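Down below is the structure, laid out as structure tokens.
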Amino acid sequence: MDTEAFLILKNFRYQLIKLENIFYIIDKDKPYLLVFLFPFLYWLFLKRIVQISEESANLLQTIPNKDTKAGKLNLFAVGISMTIANLTQPILNYFYIPISPLIASIIVILSSAILLYFRFLISIRNKRSIYKKLDLNNNTNHLKIWIFPKPIKKMISITFMSLFCAVFAAVPMYAFIIYGNTFILFIGIVFFFILLILNILTVPHGKNTVKIIVKS
């Protein structure tokens, strides 16, 4: 099955898919919250893709597909993270504050809630943006599909990145509750935000970069 996936400029949530020369729009933010926290679970759920005309597809500002070195980028990201961890260790003592575990827990919960709210806000704005250009509500032509990255190493790579960010978000936040180090909390917040937007990678852009199974 011939496929091609396009990134839509300034829109994290939706993606344009060309399937057997027919254009569809796919939503990468559903099911909400679950795919934000566990991006790799996105592939387990049945998707509803809405057919649009070629004229409508041309209205969307898409990013040209180019070959990317995802594997090298992932290794580079891990290497940079390890380097930063080693370089910042000597200055951690300057960020300790006297705080009780209860107050620290409240700060962690509030910080996480604010990030989740911000992520939902991005999702809502992306939806409004796409609906200004396309009337998806009244379009009854759609397919129900399962979609997976290919080759399988892309699935493994995205899953690894998700777990990596989840660990580097949870551990620093827990450490902040125990030790009260604000720099560690900052690291946890950064990785938690990265985790919340990783689902944008679940549909790799490019020609024949996804495997689609149409529900009969």
(message) I'd like to check something: does the stretch 134-150 contain any residue that is part of a helix (DSSP H, G or I), within 19 Å of Gln15 (Cα to Cα) and not charged (D, E, K, R)?
(response) no
(request) Kindly indicate the residue of the stretch 188-197 that is in contact (Cβ under 8 Å) with a residue 40 or more places away in the chain and among the aliphatic types (A, V, I, L, M) and also surrounded by the most Cβ atoms within 10 Å (Cβ to Cβ) among those meeting that condition. (result) Leu195
(request) Would you mind stating whether Ser162 is of a type in the set (Ser, Thr, Tyr), assigned to a helix (DSSP H, G or I) and crowded, with 17+ Cβ neighbours inside 10 Å? (result) yes
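In the stretch 147-186, which residues are more than 30 Å from Lys207 (Cβ to Cβ) and within 18 Å of the chain's Cα centre (by Cα)? Lay out the reasoning, then the answer.
Let us first name the residues in the stretch 147-186 that are more than 30 Å from Lys207 (Cβ to Cβ), namely 166-186.
Residues satisfying the conditions are Ala166, Val167, Phe168, Ala169, Ala170.
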(message) Based on this model, can you work out whether Ile106 counts as assigned to a helix (DSSP H, G or I), exposed (fewer than 15 other Cβ atoms within 10 Å of the Cβ) and modelled with pLDDT of 90 or more?
(response) yes
(request) Could you check, for the stretch 30-42, whether at least one of its residues is under 18 Å from Leu134 (Cβ atoms), surrounded by 14 or more Cβ atoms within 10 Å (Cβ to Cβ), in contact (Cβ under 8 Å) with a residue 60 or more places away in the chain and within 21 Å of the chain's Cα centre (by Cα)? (result) no
(message) Which condition from (1) more than 17 Å from Leu7 (Cα to Cα); (2) assigned to a helix (DSSP H, G or I); (3) touching a residue at least 60 places away in the same chain (Cβ under 8 Å) is the one that Leu121 breaks?
(response) (3)
(message) When the residues of the stretch 198-216 are narrowed to those that are touching a Lys or Arg at 6+ places or on another chain (Cβ under 7 Å) and among the β-branched types (Val, Ile, Thr), which ends up surrounded by the most Cβ atoms within 10 Å (Cβ to Cβ)?
(response) Val210
(request) Kindly list the number of the only condition in (1) within 24 Å of Pro151 (Cβ to Cβ); (2) surrounded by 14 or more Cβ atoms within 10 Å (Cβ to Cβ); (3) touching a residue at least 12 places away in the same chain (Cβ under 8 Å) that fails for Asn21. (result) (2)
(request) Show the residue pairs that are 6+ apart or on different chains and have beta-carbon atoms under 9 Å apart, the first residue being within the stretch 95-107 and closer than 10 Å to Tyr179 by Cβ and among the aliphatic types (A, V, I, L, M), the second being modelled with pLDDT under 90 and not in a helix (DSSP H, G or I). (result) Ile97/Gly180; Ile97/Asn181; Ile99/Gly180; Ala104/Gly180
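The values are calculated or read from the model by the stated rules, or taken from the named source; none is laboratory data. Note that the structure is a prediction, hence the values are computed from the model and not measured. Positions of Cβ are generated from backbone atoms using ideal geometry, with glycine treated the same way; all protein chains shown enter the neighbour counts.
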